[in-house]
Structures are given as C-alpha cells and as structure tokens.
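Worksheet for the structure shown next.
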C-alpha cells in the first residue's frame with residue numbers, strides 16, 4: 001500500500017470511487033471478499049488508486065464499521081493507494097481521525113458538510129481533524145456553500161489549508177450545466193495550484209475539466225465497471241486527442257444518466273452486481289434499494305459497459 005506523501009504527480013490519472021459490498025442478512029456486515037473482487041477487477045485493468053467515500057456510503061458508518069474498513073484498506077498490497085474518507089460532522093471526524101492515526105495512509109478525504117458552518121469554523125475544524133489523524137486531507141468541494149455562503153472567505157480558507165499542507169488535494173464536484181463556464185472554479189484556481197484540483201464528477205465533465213481547465217485527473221464511479229475505458233479516456237485527454245476522448249466518454253453516459261436519475265451511489269452499488277463483478281448486497285439506511293423495474297433497466301446498461309471495457 002502506498003504510504004509515501006502525496007505529490008502533484010500522484011494526482012495525475014483516474015481515481016475510482018468504488019462501492020462497498022455488504023452481506024445479504026439482517027446485520028448487513030461488510031463483505032470484504034466481494035469488495036476485493038471489485039478491486040481486483042479494477043487493478044487488473046490498470047487502476048491503482050481507490051477512493052472510498054460517498055459511493056461506499058461512508059456517511060453512515062458506525063465507528064466499529066469504520067475501524068473494520070481501515071483495517072481492510074491497510075492491507076492493500078504493492079503500489080495500490082487506498083484513500084479512506086472521514087466526517088462529515090466535526091465530532092464524527094475527530095472520532096474517526098483517532099482511528100486513522102493508527103495507520104499509514106498518505107491522506108484521507110473529508111466528506112462535505114451540509115450542517116451549520118462558516119468558512120473560519122470549517123477551516124479550524126479541518127485543521128484539528130488533520131492533526132488528530134496525523135495526516136493531510138483531500139477536500140471535497142461539492143457545492144459553492146461547502147465553506148459557507150461567502151465565496152471569497154470560503155475560497156481563501158481553502159487556499160490557506162493548501163498553503164499550510166493541511167490539504168494535499170481538492171476533489172472538485174460542483175455540477176454545472178456547462179462545465180466550461182464556472183466562475184467558482186476560476187476563482188479557486190486563482191488561489192490554488194491547479195495540479196492539486198482533481199475533477200470529481202466522473203466522466204461527464206472530465207474532458208472539459210482536463211482540456212479547458214487543465215486539471216490533472218478525474219474521479220470515476222462508472223469506471224469501476226469499465227476501468228480500462230476510463231484510463232483510455234484520461235490518456236486521450238493527456239495526448240490532446242479529444243475526438244477519441246468524446247467517443248470514449250459516450251460509452252459511460254447511459255449508466256451516468258441512470259445514476260443522475262436514481263442516485264449515483266445506489267445505482268453504482270447495484271450496477272456492480274448487475275454486471276456480475278461482485279455481489280454487493282443491500283444498500284444501508286438511509287437509502288432504499290432500486291425497484292425491480294429499475295434493476296431490470298439497469299442490468300443491460302451495466303453489462304454493456306462492462307462488455308465495452310472487455311473488448312477494448
């Protein structure tokens with residue numbers, strides 16, 4: 001498992017954000033054997049970075065489950081880079097940070113908070129969480145209010161966290177109808193080195209974020225099914241072959257459309273099972289499972305994407 005400090009070069013490439021499998025019984029315990037199957041599928045097709053966050057429903061873990069997850073992730077071998085998340089609330093983040101301190105992860109991602117907060121308070125809390133964990137953070141910027149309603153104060157707080165090496169990367173996931181027009185991202189990049197900002201919304205805006213904004217890489221959910229296609233999309237962008245990149249991106253859109261319509265995390269959770277990659281089991285509360293009709297619609301979409309990845 002990667003234990004060395006995070007560099008700008010480490011952020012070039014694709015970051016799969018996988019689901020976590022659970023056993024189909026009343027306890028819904030983690031099934032790390034099945035989760036490992038999915039990791040091996042991605043690893044076998046070129047992926048080495050694995051970011052566990054919203055798609056793994058880490059917002060809703062118990063502390064006991066969190067400790068089990070950290071123990072499993074710490075067992076990743078070779079050059080694999082496992083990135084756990086923590087938070088989003090202050091108290092939960094501190095409790096989890098004390099567990100994280102036992103391990104040698106290079107960093108952890110702070111899940112975005114939607115509770116009462118402002119930029120100065122959030123900055124202070126993130127510094128304390130990073131200190132308690134003994135490691136820097138990836139910030140997950142999911143909307144313009146993540147750091148309070150004052151955009152300037154919020155972005156200044158982010159910049160200070162980066163400058164002080166409390167933050168080593170930013171997962172930028174603010175959804176835009178046109179990702180090429182994004183004043184908030186423009187203001188962020190005026191304060192923070194763009195090599196530290198990773199596109200965080202999958203394949204849909206990835207080309208624009210890499211071509212127009214010069215971001216170094218992107219996260220992917222659908223790429224957990226089709227990691228080879230995601231890697232090829234990144235490479236096409238890196239080489240400036242945007243026509244090829246658009247052709248590759250189009251293969252992800254049917255699954256991305258369903259994720260946007262029914263919920264990104266639970267669709268991906270079920271899609272991995274529908275494609276035959278892993279028995280992911282039930283989704284935990286506070287979400288419900290997809291309906292039988294939805295699963296019937298999802299199955300051929302997931303199978304087609306996996307088949308496209310297999311044939312490349």
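Every number in this text was worked out from the coordinates using simple rules, so none of it is lab data. Please read all numbers here as calculations on a predicted model, not as lab measurements. Ideal geometry is used to build each Cβ from the backbone, glycine not excepted, and the neighbour counts take in all protein chains shown.
For the range 104-115, the count of residues that are touching a helix residue (DSSP H, G or I) at 6+ places or on another chain (Cβ under 7 Å), touching a residue at least 24 places away in the same chain (Cβ under 8 Å), assigned to a helix (DSSP H, G or I) and within 19 Å of residue 162 (Cα to Cα) is zero.
Quick check on my filter: what residues within the range 282-298 are assigned to a helix (DSSP H, G or I), farther than 28 Å from residue 207 by Cβ and touching a residue at least 12 places away in the same chain (Cβ under 8 Å)?
If we filter the range 282-298 for residues that are assigned to a helix (DSSP H, G or I), which is where we start, we get 292-298.
Add one more test, that the residue is farther than 28 Å from residue 207 by Cβ, and what stays is 292-296.
Hits for the range 282-298 are 294, 295.
Looking only at residues in the range 49-69 that are in a loop (DSSP other than H, G, I, E, B) and free of Cβ contacts under 8 Å to residues at least 40 places away in the same chain, the one that is surrounded by the most Cβ atoms within 10 Å (Cβ to Cβ) is 52.
Looking at the range 240-281, which of its residues are under 21 Å from residue 33 (Cα atoms), assigned to a helix (DSSP H, G or I) and in contact (Cβ under 8 Å) with a residue 60 or more places away in the chain? Correct list: 265, 268, 269, 272.
Entry remark, the range 70-84: residues being surrounded by 15 or more Cβ atoms within 10 Å (Cβ to Cβ) and either in a helix (DSSP H, G or I) or in contact (Cβ under 8 Å) with a residue 40 or more places away in the chain (or both) number 9 in total. Residues in the range 211-232 that are buried (at least 24 other Cβ atoms within 10 Å of the Cβ), touching a strand residue (DSSP E or B) at 6+ places or on another chain (Cβ under 8 Å) and either without any contact (Cβ under 8 Å) to a residue 12 or more places away in the chain or part of a helix (DSSP H, G or I) (or both): how many? Residues meeting the conditions: 3.
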